[in-house]
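The values are calculated or read from the model by the stated rules, or taken from the named source; none is laboratory data. Since the structure is predicted, the reported quantities are computational estimates derived from the model, not experimental observations. For neighbour counting, all protein chains shown are included, and Cβ atoms are generated from backbone atoms with ideal geometry for every residue, glycine included. Each accessible area value is taken on the protein alone, full model and side chains, heavy atoms only, with ligands, DNA and RNA left out. Shrake-Rupley method; radii C 1.70, N 1.55, O 1.52, S 1.80 Å.
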Amino acid sequence: MVKAAKAAKAKAAAKVAGARAAHLERIEQHAQWMAGGPRTQAEFEEHGKAAVQPALDYYTRRFNMVDGNMYDLKRAFRAAKVFDPFVLKGMTRAQAELLIDDLWLFGFTEFTPAFISGLKSELPALMKHAQALFDWTRDIPGAAAYDATLKRKAARKAALKAKAVAKAAAKAAAEAASSSSAAAPPDEDDDEEDEDDDEDDDDDDEKFSLKPEVKKWEDDPTEKARRIWEWWRHRVKPPLPSFIFWATAVRLVALVQPSSAAVERLFSELKLILEQVGRGLTKTIQGRLMARYNTRAGL
């Protein structure tokens, strides 16, 4: 029993000694770095640039160099701006045609030289559509409901802010009144209630401040993309579509996923299926996965 206690004490002492030695070593390393490290503003700027330069070089090699493996993809996504009516209406025909020339980089077999020429032939009419007036609320399904929700959120946020301002003003007035007269013994229950209220208000403020503020639908990338898609549907839906080549092009480019989010959601569905049915029913996993995905997508 005594030997075990001594052994545990020695082990603890050795652990403390090791931690102390490691701490002293880090202090020594920091002192050496400070002795030879940057001291002036210019030296710190140079040190910071040197630290991030490898990342910049990596990006340049992959995205900006002609032989970079992401160079063509970057050009393709830049060319996709031509499908945005807000961008297109600020372009000249020559600028738009330069972007159209790069659409073949998406790799679709439909984007042949003849198809690209067809896009250019329909471009003047498309530019007129982009420059024409369009009601982005009345002519878009669900837009009015979205705008109404934004207004309710804005009104609620304004009310919370007004409440916080009024409470702060009342608190300041109470403190000013108490300082000019004899202060009564504080009521602990009231203090705790005030602290709880303050915490609730802080939570509300934090909840609103941490989220990107969306004052109008143009500030919401998802809603803006949806309305642009609906804008195109007005122009390519049968029986009398306004465009032939652009109808095919926009359907193909809209399928391209700029991030891996969709794939990750698919893997999440697969993980859920495997957790529920196991790996014994491997022949039905693909069918189950397609059924779940199509159900969520509304297909």
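Okay, here's what the table says:
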item	result
When each of LYS171/LYS215; LYS81/LYS216; LYS153/LYS224; LYS74/LYS237; LYS153/LYS271; LYS237/LYS271 is checked by Cα-Cα distance, pairs over 26 Å	LYS171/LYS215; LYS74/LYS237; LYS153/LYS271; LYS237/LYS271
Charge context of VAL236, other residues only, Cβ under 12 angstrom, K/R +1, D/E -1	+2
Positive minus negative residues near ASP139 (Lys, Arg vs Asp, Glu; Cβ under 11 Å)	+1
Mean accessible surface per residue for the range 16-173, computed with a 1.4 Å probe while every protein chain stays in place, in Å²	68 Å²
Packing-based ranking, highest mean first, of 149-159, 5-15 given that Cβ atoms within 10 Å are counted	149-159, 5-15
3J(HN,Hα) from dihedral phi, the range 254-265, Karplus parametrisation 6.51/-1.76/1.60, rounded to Hz, x for glycine, proline	5, 7, 6, 9, x, 9, 8, 4, 5, 5, 5, 5
In order through the range 108-115: 3J(HN,Hα) via Karplus (6.51 cos²θ - 1.76 cosθ + 1.60), integer Hz, x for Gly, Pro	6, 5, 5, 7, 7, x, 5, 5
Highest-first arrangement of 65-76, 101-112, 49-60, where packing means the average Cβ count within 10 Å	101-112, 65-76, 49-60
Chain lengthening between ASP72 and PHE44 when straightened (0.36 nm per residue, less Cα-Cα)	6.5 nm
Net charge over other residues, Cβ less than 13 angstrom from the Cβ of ALA76 (K, R count +1; D, E count -1)	+1
Sorted peptide list for 84-91, 246-253, criterion being average Cβ within 10 angstrom, highest first	246-253, 84-91
Residues GLU25 and VAL52, FRET efficiency given R0 of 35 Å [Cβ-Cβ distance, rounded to 0.05]	0.80
The range 1-125: C-alpha pair distances exceeding 21 Å, %	68 percent
Of all accessible heavy-atom area on the range 41-130, the percent that carbon and sulfur account for (1.4 Å)	60 percent
